[in-house]
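All remarks here apply to the structure that follows.
The values are calculated or read from the model by the stated rules, or taken from the named source; none is laboratory data. None of these values were measured; they are calculated from a predicted model. Here Cβ is always computed from backbone atoms with ideal geometry, including for glycine, and neighbour counts include all displayed protein chains. In case anyone asks, the SASA skips ligands and DNA or RNA and just uses the protein heavy atoms, side chains included. Shrake-Rupley method; radii C 1.70, N 1.55, O 1.52, S 1.80 Å.
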Amino acid sequence: MLNDKTLELFSQLSEQELISRIAQQDPNAVEFFFFHKYRGIFDRLAANIFKNQIEVSELINEFYLDLQKNSWSKLKSFEGKSKLSTWLTVVASRFFIKKKEEMTLINEKIASHIDDFIGTLVVDSSKTITQFEAYDAVNKIQNPKYRYALLAELQGFDTNEIAERMGTSVGNIYNYRKRGKIALVELLNGRKNV
């Protein structure tokens, strides 16, 4: 939690100085940027894009992870031709609209199943897994049969329905889901250790 003196110091920085400090991994600059100066942008995105069905802190976390890739290259690309708040709104909006489109496979049925699904995974219990992380990790499973079986499970299909859709036996579906969950746990644990 930033104290008043630190907040005042960071509020006096130029946009480029703030970006520079963030790129240098200054935790106070990162906190100021996401949770003080531009928090309102994420509040609006949560309301407008996700209808407040996803917590603002989860959105901030997802966007932070995206922005910090490649040594903050996306943030460093800000040229100052507009206000940083305008640039950030556009970049974050595009990111979350794309993220929402990726999640359209997760319908209302999936939303009710995903927390239960996450609960069945044996991962490092000291770290939480967000719905975004779980969904992204399922989509990164290399084997398409494992990936499809897990996505179908998330959508609420039972084993017989999945077998029928995939044109295989029920026994194979149990096998695909078991192996898919092993691959998923490896991906999630790997992500958490980064």
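Values for this structure:
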{"item": "Length released on extending from PHE35 to LYS81, taking residue separation times 0.36 nm less the Cα-Cα span", "result": "14.2 nm"}
{"item": "DSSP-loop trypsin sites (Lys or Arg not before Pro) across region 1-83, with at most 13 other Cβ within 10 angstrom", "result": "LYS51, LYS81, LYS83"}
{"item": "With DNA, RNA and ligands ignored, accessible area of LEU187 (1.4 Å probe; Å², nearest 10)", "result": "70 Å²"}
{"item": "Table column - 3J(HN,Hα) (Hz), region 19-28, Karplus curve with 6.51, -1.76, 1.60, x for Gly and Pro", "result": "4, 4, 5, 5, 4, 8, 6, 5, x, 5"}
{"item": "Residue-wise HN-Hα coupling along region 90-101, computed from phi with Karplus coefficients 6.51, -1.76, 1.60 (Hz; x: Gly, Pro)", "result": "5, 5, 5, 4, 4, 4, 6, 5, 5, 4, 5, 4"}
{"item": "Net lengthening on full extension, THR6/ASN52 (0.36 nm per residue, minus Cα-Cα)", "result": "13.5 nm"}
{"item": "Two-site FRET efficiency, GLU161 against ILE182, from Cβ-Cβ distance with R₀ of 22 Å, rounded to 0.05", "result": "0.45"}
{"item": "Sequence of ILE19, ILE97 from largest to smallest accessible area, 1.4 Å probe", "result": "ILE97, ILE19"}
